[in-house]
Each structure stands twice: as structure tokens, then as C-alpha cells.
């Protein structure tokens with residue numbers, strides 16, 4: 001199995017950091033390190049486990065160059081910040097009542113505040129906001145379609161229909 005895209009990005013970032021820290025870590029040194037660890041000189045030939053060994057060795061070298069080196073962590077979103085981001089993308093940040101209405105719709109009227117949602121409900125809210133954003137971007141959202149393109153009501157109440165016929 002081949003290495004993952006995340007491994008390849010981390011590998012490239014570490015190669016660049018080693019080049020900056022040492023001033024002489026170039027293509028030859030990188031290939032020599034790979035050959036010493038795996039016996040191969042190209043990243044295309046490496047498996048996922050071999051790529052992990054090379055990445056671990058590069059991290060050891062980085063810690064040797066700078067003892068305070070820590071593997072960079074990706075910033076993570078909290079559910080609240082991600083909801084705020086989606087609300088901003090939808091253009092609802094100036095009208096909080098839109099979000100309140102959407103929360104009521106998603107919880108069937110039981111909850112009307114983001115603070116009162118539990119983790120699972122926030123997850124469902126995020127999914128709903130993402131679907132709405134995708135529909136809006138693709139032009140499928142109801143507000144984005146002209147009235148002529150909207151589907152008419154497919155049924156007529158039976159009582160009204162019967163009384164009109166008689």
C-alpha cells in the first residue's frame with residue numbers, strides 16, 4: 001500500500017525545515033537518508049510503513065538540530081466555531097434569527113438556542129448547514145430558483161376539490 005497524502009505533506013515539510021535548520025540538507029542528503037533506512041532512493045518506491053520510518057528519522061534529526069522542535073499540529077475547529085464559520089458563509093451572521101429559525105427547524109421546535117444543543121444535535125446542525133450551503137452553491141436552494149422553476153403543489157385538498165366539482 002502506498003503512503004498517504006498526509007505523510008507526503010509532512011515529509012516535504014520536514015525536508016524543508018531540515019534544509020532551513022542545517023543549511024545543507026538537499027536532495028542528495030534526503031535520498032541518502034532514505035537509502036540508509038529503507039534501501040530505496042525514491043519516495044515513489046516507499047510503502048506506507050517505510051515512509052513512516054523515514055518521517056520518524058527526520059523528526060529525530062529535527063530534534064537533534066533544535067531540541068525544542070515539536071511536530072506541528074493542525075488547528076482544529078470546535079463545533080461552535082465551525083457553526084459560526086458556516087453561518088458566515090451562508091451570509092446569516094448579520095441576522096441571528098435565521099440561525100435560530102434553522103435550529104428550531106432542525107430540532108422540530110424543541111430548542112431555539114445554540115447553547116442548549118448537545119454534541120450530537122450540534123453535529124446534526126452542522127450537517128444541515130453544510131447541505132444548505134451546498135444547495136445554495138449549486139443553485140438548488142429554493143430561494144435561488146425563480147418562481148416559475150419551483151414545483152407547484154402536487155396535491156389539492158380533497159374537500160376543496162369535491163366541493164368545487166359539485
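FYI, it's all coordinate maths here, none of it is from the lab. Small disclaimer: the values here were computed from a predicted structure and weren't measured. We place every Cβ from the backbone using ideal geometry, glycine too, and count neighbours over all the protein chains shown.
Short-range pairs are left out: with C-alpha atoms under 8 Å and at least six residues apart, the relative contact order of the range 79-141 is 35 percent.
On the basis of the beta-carbon distance and an R0 of 35 Å, residue 49 and residue 78 show a calculated FRET efficiency of 0.55. Taking a spot 7 Å from the Cα of residue 56 along the direction of its beta carbon, which residues of the range 11-34 have an amide N less than 16 Å from it? Label zone hits: 11, 34. When Rg and Dmax are taken over the Cα atoms of the range 79-141, they come to 11.0, 32 Å.
With contacts taken as Cα pairs under 8 Å and at least 6 residues apart, the range 5-65 reaches a relative contact order of 41 percent.
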